[in-house]
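Below is one structure, written out as structure tokens; the observations come after it.
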Amino acid sequence: MGPQALERVLKRLIFLGAPKAFILVILLASWQTFSPYSEGAQYEVIEYYAGVGRIARLSSACGYQSTAYDVLYQPGPSNAATGPGPGCGLALHLLMQGKFSELLTFWGICCSSWIHLNSGTSKRDYATPMGCDVPSVVLANLLTSRSCFLILFVICMEGVPVVENPGSSLIWLHDRFQWLLTLLERAGLKMYRQSFWMRGFDHFSMKRTILWSTSPAIIAFMQFAHFKGKKDKSPASKSTTRRYINRWGEVAYHGTKDLKRTQIYTPKFASFVVRLVPKLHEQKQKFPEVLWLYIIRGIGELFQIKIVW
């Protein structure tokens, strides 16, 4: 992404009302020695919270310039993918190395704190989605908040973000996620949502899953929304939860060691995502020109008319 493209991104962020601190971070990152304008990779696919990086690796095999990023690649408490320390800066640098209007980013944001199974610890529900002040909950909130900032950056550079989380996840009720939806509405853009069953992609677990994206092309996953395949009874299929009665006599659930395996995407799922890349770009929403947005908003303020995008 060159200087002119970055300038367009910054103008859009300013119009949308992005925090000045975030804009400053972008400027500081662009002035570093590792310049986004230098000769180097121009990524077309970036997979965040990648784990084994199956989507990124398959994208590379199919000819896309791609990369994967995860805390596993840089161990340490300060190197979480978009958490405290250098992690968020490196994640932003990768976006600056992406192709303007041709970048697809896939976000499998850490879900363990957001699902219903963890509600006993996190205290999250529809009324209090931000949960309590337990360290793991605070970190999950931070990761989600910073991810939303980076997703906004992707949208302003006319890229396509795809966010994935389990069906019971309350991540979309996070304050920053709701803030992101409000900003998109201000620009006349929409965030589409599609649910489906991972079992349709040969996953060992049924795993109800939800995707969010600014491209309506994710409706392609609808064919797996009502998947009625039989539950796998093979030895490789194991229960991810254990039911028990707690000391208060209530039914409770505990995650087994196989629960973490559900985070790994199957080859079939990764292949489906990669094949969908052209259509995701083809159907993505066009970002309105900033000049016209200023003019329309100015007219509304002049005549005291509330502009509803």
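The values are calculated or read from the model by the stated rules, or taken from the named source; none is laboratory data. Note that this is a predicted model, so its numbers are computed, not measured. Neighbour counts run over all protein chains shown; Cβ positions are idealised from the backbone, glycine included.
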Out of the residues in the stretch 104-129 meeting the condition of being within 30 Å of E44 (Cβ to Cβ) and in contact with a strand residue (DSSP E or B) (Cβ under 7 Å, 6 or more places away or on another chain), tell me which one is modelled with the lowest pLDDT.
C111
How many residues does the stretch 89-113 contain that are assigned to a loop (DSSP other than H, G, I, E, B) and either touching a Ser or Thr at 6+ places or on another chain (Cβ under 7 Å) or touching a residue at least 40 places away in the same chain (Cβ under 8 Å) (or both)?
11
